[in-house]
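Heads up, the thing below is written out as structure tokens.
The values are calculated or read from the model by the stated rules, or taken from the named source; none is laboratory data. Note that this is a predicted model, so its numbers are computed, not measured. Reconstructed Cβ throughout: ideal geometry from the backbone, glycine too, with neighbour counts over all protein chains shown. Side chains included, ligands, DNA and RNA excluded: accessible areas come from the protein's heavy atoms. Shrake-Rupley method; radii C 1.70, N 1.55, O 1.52, S 1.80 Å.
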Amino acid sequence: MIESTLERMIGLFDVEPLDPALTRFAGDSDGGGRQVVDGSQILAQSLVAASKALPGRTVRSAHALFVSAADPANQLEFYVTPVRAGRSFASATVTVRQGDRTCATSTVLLDYPQPDVIRHDRWTGPPAAGPEAAYPADMPMRGRQLRIEGVREHNSPDEVGPPIVDAWLRYDTVPQRNDLRRALLAHFTGHLSISTTMRAHPGIGTSQAHHSLSTAVMGIGVSFHDPVQWDGWIRYHHESTYVGAGMSYVRGQVLIEEGRLVASFTQDAMIRAFAPNGSAASVPLEARL
């Protein structure tokens, strides 16, 4: 298995054009040992594809739906279709395919950022304990540190508390390019939301995912708040406001250490049980969503 590193991940985000018109792009994947690609990686690559197809503009928001599992052994193709490119705002759809199969679709809004008329961009919730008071988390990637406040084992069914998780991340390198910084921020929006939802329910944890529980990220929405720049630690604040009927909903904020908001996100996810001998159990474990 190829080691997961920050350098490799940033390289994966930087999809390559397949035609001079900048409507088709190719990208590889990091399955992390599983036969399925993280939806947040596909979202990050889609942001870069849209940025390259509409050069000069900045991605302000994107909404992605993950409609079919993508295989990391096969190349991804990103088809960018501009909807409209006006004097300031532009929008595009990005369709992600492997062969004839559609894996994901995204709607992306871009613009030329303008000077402030008014601004508020500071954290208004309770003070955070900070990264030094948080526990190191087992989610290895060389070049990245991850700590979680008040949670020792985020996958454990015995880790019970409010459906809120604050994760602190520090990257050894922050990309110089604006589109890659936004891709890097988007990448982590899919990682801890299901764990956040399960935390409020004793006996349920993401260690059970793909064994007795079928879980999958179905959709991510992310909005970027300029300027998307940081140095040092950044905080992903997750809050699960609903779970039921086989679906969970989480909203989140991304803040730099001093408390300035740089992005907001939402996630819709599936949390369902499957019978040990049912059809879902016949799918190889490493390929399950």
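With a cut-off of 12 Å between beta carbons, the residues surrounding Phe66 carry a summed charge of -2, where Lys and Arg count +1 and Asp and Glu -1. For segment 192-250 versus segment 253-272, the spacing of their alpha-carbon centroids is 9 Å.
Between rounded, prolate and oblate, where does segment 104-244 land on the alpha carbon gyration tensor, with a ≥ b ≥ c its root eigenvalues, rounded for a/c under 1.5, else prolate if a/b exceeds b/c? Because a/c hits 1.5 or more and a/b exceeds b/c, segment 104-244 counts as prolate.
In this rough spin-label picture, where each label sits 7 Å from Cα along the Cβ direction, the Glu258-Trp123 distance is 1.4 nm. For segment 1-59, the Kirkwood radius over C-alpha pairs fed into Stokes-Einstein at 37 °C and 0.692 mPa s yields D = 267 µm² per second. When Phe89, Phe188 are compared by accessible surface with a 1.4 Å probe, the order from highest to lowest is Phe89, Phe188.
Working note: 222 nm ellipticity from helices only, DSSP H runs with n ≥ 4, each -39,500 (n - 2.57), summed and divided by the residues of the chain, gives -4000 deg cm²/dmol to the nearest 500.
Contact order for the chain, expressed relative to its length and based on alpha carbon pairs under 8 Å spaced 6+ residues apart, stands at 18 percent. Taking every Cα-Cα distance in segment 222-268 and sorting them into 10 Å bins starting at zero, the pair-distance distribution P(r) comes out as 27, 45, 21, 7, 0 percent.
Dipole magnitude for segment 94-196: about 380 debye, using +1 per Lys or Arg Cβ and -1 per Asp or Glu Cβ, origin at the Cα centre.
Here the gap between Gln229 and Arg142, fully extended at 0.36 nm per residue and compared with their Cα-Cα distance, gives a gain of 29.2 nm.
Overall shape of segment 113-159 was characterised from the C-alpha gyration tensor. The equivalent ellipsoid obtained from it has semi-axes of 31, 16, 10 Å, in decreasing order.
Within the chain, which whole H helices from DSSP have a Cα span along their axis of at least 20 Å and a mean Kyte-Doolittle hydropathy of 0.5 or more, if any? Flagged H segments are 39-53. Figure note: Met139, Met9 ranked by solvent-accessible area, largest first, 1.4 Å probe, ligands and nucleic acids not counted: Met139, Met9. For segment 42-119, a Kirkwood hydrodynamic radius built from all Cα pairs, placed in the Stokes-Einstein relation at 25 °C and 0.890 mPa s, yields a translational diffusion coefficient of 186 µm²/s.
Given the alternatives [x] 17.6, 57; [y] 19.8, 69; [z] 18.6, 60, Rg and Dmax of the Cα atoms in Å as computed for this entry is given by [z]. Here Leu65 sits with roughly 100 square angstrom of accessible surface, probe radius 1.4 Å. Evaluated over the Cα positions of segment 189-260, the convex hull gives a direction-averaged projected area, one quarter of its surface, of 5.9 nm². Solvent exposure of Met218, expressed as accessible area, is near 60 Å², computed with a probe of 1.4 Å over the protein chains only.
For Val250, the solvent-accessible surface with a 1.4 Å probe is about 0 Å², rounded to the nearest 10. Computed over segment 1-148, the convex hull of the alpha-carbon atoms projects to a mean area of 11.7 nm². In the chain, excluding the sites themselves, the longest stretch lacking any of the GluC sites (Glu not before Pro) that are in a DSSP loop with at most 11 other Cβ atoms within 10 Å is 4-257.
For segment 85-147, a/c is not less than 1.5, where a ≥ b ≥ c are the root eigenvalues of the C-alpha gyration tensor, and a/b does not top b/c. That puts it in the oblate class.
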